[in-house]
Amino acid sequence: MINKAHITLLLLTTLTLSGCINREQADAKLAKACIAAATAMLEEDTEIMDIKDQTFSDTGILNGDYRYVSFTATEDDGWLKTEKSYRCAFHEEVGPFRSNYNAAIYRLKAGDAVYGMDENDNIIGNISDYQRLMGVVQNAIQ
């Protein structure tokens, strides 16, 4: 006979497993966030037209729980289309049983420009760019 404790345990297990996020789902969120970050840092009247060569990696210049997203994009400013390489470094946080997931951007490299934090955790550039970068990434991750 099933008692209340068994039913409660079954419900908790089901809820925990249904909230799990796998690597592919996390990478999809990071890709969306990296594109949003890149778009936020574009010059006025410039837009990203095409995304290609998207890759994901755990290896890079930072140690720890970082995940890297790289892609090449075609930018269009209304006059000229150019290709630019982007690379985002994200710090990931995953809950028990992969039940929740969050990531924060650490650094965005857009061509020769760099935004975010340096190796000493100092903001690169100005505070308004940093706040804009963090805001668009958090909105995209949700």
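The values are calculated or read from the model by the stated rules, or taken from the named source; none is laboratory data. Quantities reported herein were computed from a predicted structural model and do not represent experimental measurements. Here the Cβ is made from the backbone with ideal geometry for all residues, glycine too, and neighbour counts use every protein chain on show.
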* To do: Can you give me the number of residues within the range 80-95 that are crowded, with 16+ Cβ neighbours inside 10 Å and over 28 Å from ASN22 (Cα atoms)?
  => 1
* Asked: Can ASP76 be described as out of contact with any strand residue (DSSP E or B) (no Cβ under 9 Å at 6 or more places or on another chain), charged (D, E, K, R) and either surrounded by 13 or more Cβ atoms within 10 Å (Cβ to Cβ) or on the phi < 0 side of the Ramachandran plot (or both)?
  -> no
* To do: Of the numbered conditions (1) surrounded by 12 or more Cβ atoms within 10 Å (Cβ to Cβ); (2) within 24 Å of GLN142 (Cα to Cα); (3) modelled with pLDDT under 95; (4) touching a strand residue (DSSP E or B) at 6+ places or on another chain (Cβ under 7 Å), ARG98 fails exactly one; give the number of that condition.
  => (4)
* Restrict the check to the range 128-142 and report whether at least one residue is loosely packed, with under 13 Cβ neighbours inside 10 Å and of a type in the set (Lys, Arg). => no
* To do: Can you give me the ranges of the strands (runs of 3 or more DSSP E) entirely in the range 28-142 with at least 2 residues that are among the hydroxyl-bearing types (Ser, Thr, Tyr)?
  => 47-57, 66-76, 81-94, 101-110
* Asked: Quick one: in the range 1-27, which of the residues that are loosely packed, with under 10 Cβ neighbours inside 10 Å, assigned to a helix (DSSP H, G or I) and not hydroxyl-bearing (Ser, Thr, Tyr) is modelled with the highest pLDDT?
  -> GLU24
